[in-house]
Amino acid sequence: MAADLTLLVPAFRPRLETLIANCRARGVEMRPYMGLRTPLEQARLWRQSRSREQIDAKVAQLRAAGAAYLADCIVQVGPQNGDPVTNAVPGLSWHQWGEAADCFWVVKGDAEWSTKRLVNGLNGYRVMAEEAKKLGLDPGGLWRKFPDWPHVQLRPEPSPLGRMTLKEVSDEMQRRFKK
Amino acid sequence: MSLARRTGRVRALALALGLAAAAAGSRAGEAPDPLASLPGELHTVASLGHWAAGARFGAYRVVVLKGGVDRPVTRLVVQWLSDAGGSEAGVPVVEASRDVAAVAAYAGARVLPAWRARGNNRLEVSARIRTPDGRWRRVVVLATTPGSLIEVR
């Protein structure tokens, strides 16, 4: 359960590594378990727990917006089962851009998911959020409405849609990932 | 057209415009329909149970919000609605509102909330929480008087 940080963009990777090091310097071990996630991987996660009607409607919406590649990713992965684990369709999570990572807190060799538990007076997720902010990153733990403690990303925008159209996102994803 | 007649028409027009403005103003002055501004993240609302504290009393309200940019995040909120000393219109007011911190305390989790009234001044709110490594946790809190949430488990 460890992410390959070499796949992250050069603007993000060294800052994430610095973040991990700064947490370690405070006695907190944060381990990245998700870095780059391809559009197909995102499509698999997005399809989990969604009905055929929801999937068909989203595919139609993406095609109508000119985002054919993103729609194809959702179709291509086929039926999936599991918990709801993402709200973002392929291309709209910063993980597809190599600009986000999820980390868990390691306590005595085990993953600790509590954002409240203190070890030596510190909680790993809260330390990570503080240190990320110092480095100019956007920690999900500090999001006001729906905090996402394991998450940290390069940019403050919630998704690429703030600066690109769906078609532009789709075209860029196709350029980067279609083989 | 005589000056008097023209003035009369102007007055009539002004009166009509004034009435229209007044009518629009009274509509605009009404409280907006709260349903028009409900956030899309609002998933479930349930009012139940009963609390009392001195002269104040009312019902509990549990609110479930589901959102999140990428990972789905659930917020579970307990509110204390007050019937006594509320608005003149007799609409209950929110006396206190608290996020169930025990739910928010688990990072990146799937949350299955539940609640039940357990007599006066006791509302039990619980949640099964699945952490990203697949393990399940259970948290239970007890809501009592306004603003008071006690973590039971």
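Since every read-out is calculated from the coordinates, none of them should be taken as a lab result. All of these numbers come straight from a predicted model, not from anything done at the bench. Note that each Cβ is placed from the backbone with ideal geometry, even for glycine, and that neighbours are counted across all protein chains shown.
Observations
- Overall shape: prolate for the stretch B:47-151, with the ratio a/c of the largest to smallest alpha carbon gyration tensor axis at 1.5 or above and a/b above b/c.
- Rounded if a/c under 1.5, otherwise prolate or oblate - chain A, Cα gyration tensor axes: prolate
- Point-charge dipole on Cβ atoms (K/R +1, D/E -1) for the protein assembly as shown, about Cα centre, debye to 20: 320 debye
- Each Lys and Arg Cβ is given +1 and each Asp and Glu Cβ -1; about its Cα centre, chain A then shows a dipole of about 120 debye.
- Prolate/oblate/rounded call for the protein assembly as shown, Cα gyration tensor, a/c under 1.5 rounded: oblate
- Report summary: the helix-based calculation at 222 nm, which adds -39500 (n - 2.57) for every DSSP H run with n ≥ 4 and divides by the residues of chain A, gives -11500 deg cm²/dmol.
- Qualifying GluC sites (Glu not before Pro) in the stretch B:72-153, where qualification requires a DSSP coil assignment and no more than 11 other C-beta atoms within 10 Å, comprise B:Glu88.
- Point-charge dipole on Cβ atoms (K/R +1, D/E -1) for the stretch A:1-60, about Cα centre, debye to 20: 100 debye
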